[in-house]
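Worksheet: the structure to be examined is printed underneath.
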Amino acid sequence: MERSERLTAAQALVRFLAAQVIERDGVRRRFFGGCFGIFGHGNVAGIGQALFERPDLLRYVPARNEQAMVHAAVGYARQLNRLGAWLCTSSIGPGATNMVTGAALATVNRLPVLLVPGDVFASRLPDPVLQQLETNARGDVSVNDCFVPVSRYFDRIERPEQVIPAALAAMRVLTSPAETGAVTLAFPQDVQAEAFDVPAAFLEERMWHVPRALPDDASLCAAADAIRAARRPLVVAGGGVIYSEATNALRAFCEATGIPAGETQAGKGALPFDHPSCLGAIGATGTAAANRVAAGADLVLGVGTRYSDFTTASKTAFRNPDVRFVNVNVAGLDAHKHAGIALAGDARATLERLTELLAGHEVETSYREEAERLVRAWDDEVTRLYALDAEPPAQSAVIGAVNAASAPQDVVVCAAGSMPGDLHKLWRTRDPKGYHVEYGYSCMGYEIPGGLGVKLAAPEREVYVLVGDGSYLMLPGELVTAVQEGVKLTIVLVDNGGYASIGALSRSLGTDGFGTEQPVAVDLAANAESLGARVFRAESLDELRDALERAKQETATVVIAVKTDRLAEGVPGYESWWDVPVAEVAQSDGVRAARAEYDQARRAARRHL
Ligand SMILES: Cc1ncc(C[n+]2csc(CCOP(=O)(O)OP(=O)(O)O)c2C)c(N)n1
Ligand SMILES: [Mg+2]
């Protein structure tokens with residue numbers, strides 16, 4: 001007889017999750033850092049009871065908004081290079097659907113989160129329960145079906161013993177670098193509370209090994225040949241370089257071969273900003289150095305990148321007619337992009353192998369020197385933009401002040417608005433985990449909860465959250481959670497009275513900034529104070545610098561509120577483009593002119609077949 005224990009389905013799930021261990025390169029850690037939640041019917045008596053009964057199993061953190069708690073879980077997972085996750089538990093109905101945006105964000109960014117929304121009764125006896133969706137054509141629909149397209153694994157636990165296969169599948173996907181993203185286990189509220197005989201083996205500690213897979217030899221040799229044959233090769237370093245802890249391997253590869261590297265948003269920090277091979281940001285928000293090299297590259301070695309439109313400047317970045325791609329990626333989906341030689345494998349193991357295969361090979365000195373010259377010229381441009389002296393302060397100078405105040409290992413967090421592009425270009429990243437801009441989903445409101453997740457994963461680092469007034473207003477509630485948990489964030493709230501980013505985009509497209517101004521004066525600093533943060537108000541750069549120093553002395557969450565000018569000229573673009581379609585017919589001359597420009601620019605877009 002197999003040993004077993006009688007537990008509710010919810011108790012079994014919580015016991016199982018607390019016993020999961022992840023291991024890579026011989027380093028082990030408990031996979032789940034804890035559980036974020038907001039209780040309602042659908043989880044209070046099931047998962048809630050299980051957490052209440054065994055508080056030793058998972059740290060429970062009550063959150064303010066379900067979307068935000070998923071953001072926090074994402075921030076945590078990213079900071080730990082996907083070697084850790086949080087469980088997020090919600091009620092049925094609105095609590096559940098509030099997590100859908102978080103799920104999409106996690107899946108787009110390929111970061112693990114485990115979502116357990118409550119669901120309607122499996123028995124269907126008391127239907128329709130509060131918050132239940134009914135349709136006349138299907139009996140088995142619930143609002144949780146919204147999670148299907150945004151989850152890498154979705155299951156609905158209709159009977160208590162289904163916890164076993166559902167939980168095992170969830171762990172397989174969460175711990176797989178190629179498959180990971182949001183995992184959703186919809187959990188009907190009656191099933192959560194039902195008991196079954198849980199096999200002891202299911203509850204025992206279980207280790208999930210993260211392999212470092214290598215592509216096959218034939219692909220590796222073909223890739224090495226292609227790189228050797230190229231005269232102007234370029235690395236595009238994506239998030240996979242950082243998640244795989246391949247930054248030293250990339251550095252060794254670049255130093256041995258002389259090949260320079262541009263960085264995507266998720267890949268920024270792959271090389272330190274002052275490394276001679278580091279061209280910095282690439283693409284629509286790229287540096288003059290990276291975009292110049294990209295334009296002439298005859299071979300692009302993409303490592304851990306999904307080639308978003310920002311990275312490829314909407315497929316206009318790589319202009320050499322003969323450009324070919326080699327793609328190192330754990331996910332076949334990405335490895336095959338742009339008709340590249342697909343190296344499906346781990347970034348670190350594959351870069352190390354490529355470095356061996358290319359032993360003795362170097363790019364021409366003139367090409368190496370040209371890249372190094374561009375890198376130095378770019379650094380001068382950053383120095384110029386950091387030093388802009390305006391009243392109110394220029395955003396680039398705000399970024400410069402935060403960069404100067406932060407230590408190399410500190411983390412800057414951002415997600416939406418005009419700041420991600422400026423940070424991508426200007427932030428001087430000194431540590432692989434020093435730059436955290438969520439730009440897969442670029443979700444307004446990610447900043448504060450995302451920063452909370454980062455700090456929970458790396459309490460030894462100072463976390464600087466840069467947040468615009470629009471983003472702040474959308475989701476400030478997790479400030480309370482940071483205060484409640486005694487987690488220190490230094491939040492720089494850049495209030496420019498509206499949507500500077502979309503306003504500038506709108507004006508460039510002939511629509512005059514329509515709808516992008518904040519028409520009501522809101523005292524966001526007072527709001528932050530009321531939520532429990534220590535608040536400093538800064539009117540000038542000197543006051544900002546002073547506030548940043550004072551913030552270092554604080555032990556709890558600080559908000560530094562600084563006002564900037566939404567209409568001030570921002571950081572320019574550098575030989576790049578982003579495809580945003582303009583109306584083909586319109587009454588205004590401005591729109592018609594923008595359309596003509598658009599038609600012209602779009603001609604440069606390529607398919608890379
Ligand atoms: C949830 C969400 N809604 C809408 C958008 C589209 N959007 C991108 S940036 C932005 C404005 C951001 O305003 P703010 O935070 O004040 O930053 P600023 O542009 O002023 O720097 C909007 C509406 C988005 N990215 N996310
Ligand atoms: Mg704004």
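Just checking, which of 186, 200 is closer than 23 Å to residue 107 by Cβ, in contact (Cβ under 8 Å) with a residue 12 or more places away in the chain and open to solvent by less than 50 Å² (accessible area, probe 1.4 Å)?
Numbers: 200 fails: closer than 23 Å to residue 107 by Cβ.
Going through 186, 200 in turn, just one is closer than 23 Å to residue 107 by Cβ, in contact (Cβ under 8 Å) with a residue 12 or more places away in the chain and open to solvent by less than 50 Å² (accessible area, probe 1.4 Å): 186.
So the check is Cβ under 9 Å with 6+ separation or different chains; which pairs have a first residue in the range 404-417 that's within 22 Å of residue 471 (Cα to Cα) and within 16 Å of ligand 1 (Cβ to nearest atom) and a second one that's assigned to a loop (DSSP other than H, G, I, E, B) and of a type in the set (Asp, Glu)?
Qualifying pairs under 9 Å: 413/438; 414/438; 415/438; 416/438.
Restricting to the range 589-599, name every residue that is among the small types (Gly, Ala, Ser), under 18 Å from residue 504 (Cβ atoms) and open to solvent by 50 Å² or more (accessible area, probe 1.4 Å).
Just the residues of the range 589-599 that are among the small types (Gly, Ala, Ser), to begin with: 590, 593-594, 596.
Next, from what is left, pick out any that are under 18 Å from residue 504 (Cβ atoms): 590, 593-594.
Selection gives 593 alone.
Could you pull out the residue among 211, 177, 165 that is without any contact (Cβ under 8 Å) to a residue 60 or more places away in the chain and not in a strand (DSSP E or B)?
From the options 211, 177, 165, the qualifying one is 165.
Conditions tested, residue by residue: (1) open to solvent by 10 Å² or more (accessible area, probe 1.4 Å); (2) modelled with pLDDT under 95; (3) under 20 Å from the mean Cα position of the chain (by Cα).
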site: 6; (1), (2), (3): yes, no, no
site: 10; (1), (2), (3): no, no, no
site: 26; (1), (2), (3): yes, no, no
site: 43; (1), (2), (3): no, no, no
site: 52; (1), (2), (3): yes, no, no
site: 64; (1), (2), (3): yes, no, no
site: 79; (1), (2), (3): yes, no, yes
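Considering only residues of the range 428-468 that are open to solvent by 10 Å² or more (accessible area, probe 1.4 Å) and within 16 Å of ligand 1 (Cβ to nearest atom), which is farthest from the chain's Cα centre (by Cα)?
This residue is 468.
Please indicate, with yes or no, whether at least one residue in the range 330-344 is more than 22 Å from residue 276 (Cβ to Cβ) and open to solvent by 70 Å² or more (accessible area, probe 1.4 Å). Steps first, please.
Of all residues in the range 330-344, those more than 22 Å from residue 276 (Cβ to Cβ) come to 330-344.
Remaining after also requiring open to solvent by 70 Å² or more (accessible area, probe 1.4 Å): 333, 336.
Scanning the range 330-344 turns up at least one residue that is more than 22 Å from residue 276 (Cβ to Cβ) and open to solvent by 70 Å² or more (accessible area, probe 1.4 Å).
Identify the residue in the range 550-581 that is part of a loop (DSSP other than H, G, I, E, B) and open to solvent by 80 Å² or more (accessible area, probe 1.4 Å) and, among all such residues, is farthest from ligand 2 (Cβ to nearest atom). If you could, list the steps in order and put the result at the bottom.
Start the filter on the range 550-581 by keeping residues that are part of a loop (DSSP other than H, G, I, E, B), which leaves 554-557, 564-581.
Retained after the next criterion (residues that are open to solvent by 80 Å² or more (accessible area, probe 1.4 Å)): 555, 567, 569, 575, 578, 581.
Values: 555: 29, 567: 11, 569: 15, 575: 26, 578: 19, 581: 24 Å.
In this case the residue turns out to be 555.
Any chance the range 470-483 includes a residue that's more than 15 Å from the chain's Cα centre (by Cα), charged (D, E, K, R) and over 27 Å from residue 182 (Cα atoms)?
Looking only at the range 470-483, we keep the residues that are more than 15 Å from the chain's Cα centre (by Cα), and these are 470-483.
Narrowing further to those that are charged (D, E, K, R): 478.
Filter once more, keeping what is over 27 Å from residue 182 (Cα atoms): none.
Taking every residue of the range 470-483 in turn, none turns out to be more than 15 Å from the chain's Cα centre (by Cα), charged (D, E, K, R) and over 27 Å from residue 182 (Cα atoms).
Specify which of the listed residues (240, 269, 304) is in contact with a Ser or Thr (Cβ under 8 Å, 6 or more places away or on another chain) and either open to solvent by less than 10 Å² (accessible area, probe 1.4 Å) or of a type in the set (Lys, Arg) (or both). Reasoning before the result, please.
Values: 240 fails: either open to solvent by less than 10 Å² (accessible area, probe 1.4 Å) or of a type in the set (Lys, Arg) (or both); 304 fails: either open to solvent by less than 10 Å² (accessible area, probe 1.4 Å) or of a type in the set (Lys, Arg) (or both).
None of the others qualify; the one that does is 269.
Return the residue satisfying two criteria in turn: it lies in the range 506-537 and is within 16 Å of ligand 2 (Cβ to nearest atom) and open to solvent by less than 50 Å² (accessible area, probe 1.4 Å), and of such residues it is farthest from residue 566 (Cα to Cα). Break it down into steps so the answer makes sense when it comes.
From the range 506-537, those within 16 Å of ligand 2 (Cβ to nearest atom) are 506-507, 513-525, 527-528; that's our starting set.
Now restrict to residues that are open to solvent by less than 50 Å² (accessible area, probe 1.4 Å): 506, 513, 516, 524-525, 528.
Working: 506: 13, 513: 11, 516: 10, 524: 16, 525: 18, 528: 21 Å.
The qualifying residue farthest from residue 566 (Cα to Cα) is 528.
Scan the range 111-131 for residues that are open to solvent by less than 40 Å² (accessible area, probe 1.4 Å) and part of a loop (DSSP other than H, G, I, E, B) and jot them down. Let's see the steps before the verdict.
The initial filter retains those residues of the range 111-131 that are open to solvent by less than 40 Å² (accessible area, probe 1.4 Å), namely 111-120, 122, 129.
Within the range 111-131, 111, 112, 120, 122, 129 qualify.
Report, by residue number, each residue of the range 81-94 that is over 25 Å from residue 142 (Cα atoms) and either open to solvent by less than 10 Å² (accessible area, probe 1.4 Å) or among the aliphatic types (A, V, I, L, M) (or both).
Quick first cut of the range 81-94, residues over 25 Å from residue 142 (Cα atoms) only: 81-85.
Residues satisfying the conditions are 83, 84, 85.
Between a first residue in the range 232-259 that is within 19 Å of residue 375 (Cβ to Cβ) and a second residue that is basic (Lys, Arg) and in a loop (DSSP other than H, G, I, E, B), which pairs have beta carbons less than 6 Å apart while being 6 or more apart in sequence or on different chains?
Hits for this filter: zero, empty list.
Just one of (1) closer than 24 Å to residue 353 by Cβ; (2) in contact (Cβ under 8 Å) with a residue 24 or more places away in the chain trips up residue 225, so point out which.
Evaluating residue 225 over (1) closer than 24 Å to residue 353 by Cβ; (2) in contact (Cβ under 8 Å) with a residue 24 or more places away in the chain leaves (2) as the failure.
Output the qualifying pairs, or none if there are none: Cβ atoms under 6 angstrom, residues six or more apart or on different chains, first residue in the range 493-508 and of a type in the set (Phe, Trp, Tyr) and modelled with pLDDT of 95 or more, second residue more than 8 Å from ligand 2 (Cβ to nearest atom) and outside any strand (DSSP E or B).
499/516
With the checklist (1) closer than 30 Å to residue 245 by Cβ; (2) open to solvent by less than 70 Å² (accessible area, probe 1.4 Å); (3) part of a helix (DSSP H, G or I); (4) of a type outside the set (Val, Ile, Thr) in hand, flag the one item residue 145 doesn't pass.
That leaves (1) as the condition not met.
Being part of a helix (DSSP H, G or I), at pLDDT 95 or above, open to solvent by 10 Å² or more (accessible area, probe 1.4 Å) and among the charged types (D, E, K, R): is that true of residue 319 here?
No; evaluated as a whole, the condition is false for this residue.
The values are calculated or read from the model by the stated rules, or taken from the named source; none is laboratory data. Model, not experiment: these values are computed from the prediction. With ideal geometry, Cβ positions are generated from the backbone for all residues, glycine too; neighbour counts draw on all protein chains shown. The accessibility values were calculated without ligands, DNA or RNA, using every heavy atom of the protein model including side chains. Shrake-Rupley method; radii C 1.70, N 1.55, O 1.52, S 1.80 Å.
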